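Before any comments, here is the structure.
The values are calculated or read from the model by the stated rules, or taken from the named source; none is laboratory data. Model, not experiment: these values are computed from the prediction. Positions of Cβ are backbone-derived with ideal geometry, glycine not excepted, and every protein chain shown enters the neighbour counts.
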Amino acid sequence: MSEAMDTSRGTSSEASGLLGWFRRLTGRAAASGAEVVGRLPVRDWVQVNTQPTKVMGFDERLMWVAIWLMMLGLVMVYSASIALPESPKYANYQPTHFFMRHLLSIGLALTAGAVVSQIPMAVWERWAPWLFVVALLLLMLVLVPHVGKGVNGARRWLPLGVMNFQPSELAKLAITLYAADYMVRKMDVKEHFFRAVAPLAVAVGVVGLLLLAEPDMGAFMVIAAIAMAILFLGGVNGRMFFLITAVLVGAFVLMVSLSPWRRERIFAYLDPWEEKNALGKAYQLTHSLIAFGRGEIFGEGLGSSLEKLHYLPEAHTDFLLAVIGEELGFIGVAVVICMFFWMVVRLFHIGRQAIALDRVFAGLVAQGVGVWMGGQAFINMGVNLGVLPTKGLTLPLMSYGGSAILLNCIALAICLRVDIENRQLMRGGRA
């Protein structure tokens, strides 16, 4: 019994000792903590990151890539056109004539883009058919004698004083919006050729006839590519898509075979260095290739091009890339190609994101603009490099041309609006 009592008292003593040790330890920790808190620096202001989060803004990188392309284009247009007043054709022009007009066009385009980016996509969807009708009327108007302005045998412009407006540029935007709206309306019958595809094919055919009457086969190729891409991205049956592609390719082959001057261009493209071709239909191509050859890796230096000195026609418009290649070399051309590639990938990403948010019209519009920018840039670069036959297509955002710059900026502003509405939806708002 006494042993049990001794054991109990020992256990109680050990427990009380442990309890006292724990109280002393926690007391010292609290005192130490109080000292640490007392020593913490105290300030009456807090630094807050005022930059907007990515989800609440818009794609600034896309905007800046477009602006950098336009700024580089402005510099190169000035470099390519500064010597033009020395020729009899431009004898009455100042050396800065094209530079100042291009700068004005960029200013108008950026202003229009800022306004357009505030217009909801629902408005564009509602007015898409009417914009297409307006584009058709302007394409007809440009063919009226004494109304449309002809340059080098082509009647493609409407003189507006501030700029010569090219209705085919508006037609590219109109067909992008109309085809996207059309696919949304025909989504339930997209597997039926005559109900889903035939009406849009007729619309594109009418636009093609009006463009070929100017003539402007290059613009028709871009518009056909936009319509075909939106049909494909909208989910049209694969067999129907390939059938339409075959019909279009056949139509282009027929147009080339029935047109003697188009046929001569193709043959000249296949053998540009043959003497007759080099002095005739392939004159631009051969001098473009010479410009790229002179530029080599790093270029001759800004302003040091020789081909722009009346050897390479239209150096500030269709063949601006050749001047870039001669003055900035392979490095400059590669930078331009990479910027266009990044832009197209980004536009497709914005479109894919909109479709994932169940905004099919907005998504198809963004992807259609990506096809427009990428397809036209690819054709222009291919022509400059001798990969494709010569066509009268400018380099988007860069080449001289007021209406082209204006419509390019408007199209990209619409895509920025798509991105803004995507971000609004992703943070729980309403587009």
* Could you say which residue among Ala198, Ala174, Ala179 is under 18 Å from Ala225 (Cα atoms) and modelled with pLDDT of 95 or more? -> Ala174
* Asked: Would you say Ser305 is among the small types (Gly, Ala, Ser), in a helix (DSSP H, G or I) and either touching a Ser or Thr at 6+ places or on another chain (Cβ under 7 Å) or touching a residue at least 40 places away in the same chain (Cβ under 8 Å) (or both)?
  -> no
* Residues within the stretch 313-323 that are part of a loop (DSSP other than H, G, I, E, B) and surrounded by 24 or more Cβ atoms within 10 Å (Cβ to Cβ), tallied -> 4
* Asked: From Leu138, Leu177, which residue is in contact with a helix residue (DSSP H, G or I) (Cβ under 8 Å, 6 or more places away or on another chain) and free of Cβ contacts under 8 Å to residues at least 40 places away in the same chain?
  -> Leu138
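Condition check: in a helix (DSSP H, G or I) and either buried (at least 22 other Cβ atoms within 10 Å of the Cβ) or out of contact with any helix residue (DSSP H, G or I) (no Cβ under 9 Å at 6 or more places or on another chain) (or both). Does Leu170 satisfy that?
Working: in a helix (DSSP H, G or I): yes; either buried (at least 22 other Cβ atoms within 10 Å of the Cβ) or out of contact with any helix residue (DSSP H, G or I) (no Cβ under 9 Å at 6 or more places or on another chain) (or both): no.
The answer is no for Leu170.
Is one or more of the residues making up the stretch 222-230 over 18 Å from the mean Cα position of the chain (by Cα) and buried (at least 16 other Cβ atoms within 10 Å of the Cβ)? Let's see the steps before the verdict.
Going through the stretch 222-230, the residues over 18 Å from the mean Cα position of the chain (by Cα) turn out to be none.
No, every residue in the stretch 222-230 fails to be over 18 Å from the mean Cα position of the chain (by Cα) and buried (at least 16 other Cβ atoms within 10 Å of the Cβ).
If I ask for residues that are crowded, with 16+ Cβ neighbours inside 10 Å and either closer than 20 Å to Ala404 by Cα or of a type in the set (Val, Ile, Thr) (or both), which ones from the stretch 109-123 would you list?
Ala109, Leu110, Ala112, Gly113, Val116, Ser117
Yes/no matrix, rows are residues, columns are (1) closer than 26 Å to Phe232 by Cα; (2) of a type in the set (Asp, Glu); (3) outside any loop (DSSP other than H, G, I, E, B):
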| position | (1), (2), (3) |
| --- | --- |
| Leu328 | no, no, yes |
| Arg346 | yes, no, yes |
| Pro396 | yes, no, no |
| Leu412 | yes, no, yes |
| Cys415 | yes, no, yes |
* Asked: Taking the stated definitions as given, is Gly295 more than 24 Å from Gly218 (Cα to Cα) and either surrounded by fewer than 19 Cβ atoms within 10 Å (Cβ to Cβ) or without any contact (Cβ under 8 Å) to a residue 60 or more places away in the chain (or both)?
  -> yes
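Of the residues that make up the stretch 186-208, is at least one of a type in the set (Asp, Glu) and within 21 Å of the chain's Cα centre (by Cα)?
No, the stretch 186-208 contains no residue that is of a type in the set (Asp, Glu) and within 21 Å of the chain's Cα centre (by Cα).
Kindly evaluate Gly161 against the criterion of being modelled with pLDDT under 85, surrounded by fewer than 16 Cβ atoms within 10 Å (Cβ to Cβ), touching a Phe, Trp or Tyr at 6+ places or on another chain (Cβ under 9 Å) and not in a helix (DSSP H, G or I).
Values: modelled with pLDDT under 85: yes; surrounded by fewer than 16 Cβ atoms within 10 Å (Cβ to Cβ): yes; touching a Phe, Trp or Tyr at 6+ places or on another chain (Cβ under 9 Å): no; not in a helix (DSSP H, G or I): yes.
In short, no.
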* Qualifying positions in the stretch 243-292 - surrounded by 11 or more Cβ atoms within 10 Å (Cβ to Cβ), of a type in the set (Gly, Ala, Ser) and either assigned to a helix (DSSP H, G or I) or within 29 Å of the chain's Cα centre (by Cα) (or both) -> Ala251, Ser257, Ala268, Ala278, Ser288, Ala291
* Structure fact -> Among (1) among the aromatic types (Phe, Trp, Tyr); (2) surrounded by 19 or more Cβ atoms within 10 Å (Cβ to Cβ); (3) more than 27 Å from Leu416 (Cβ to Cβ), Tyr90 falls short only on (2)
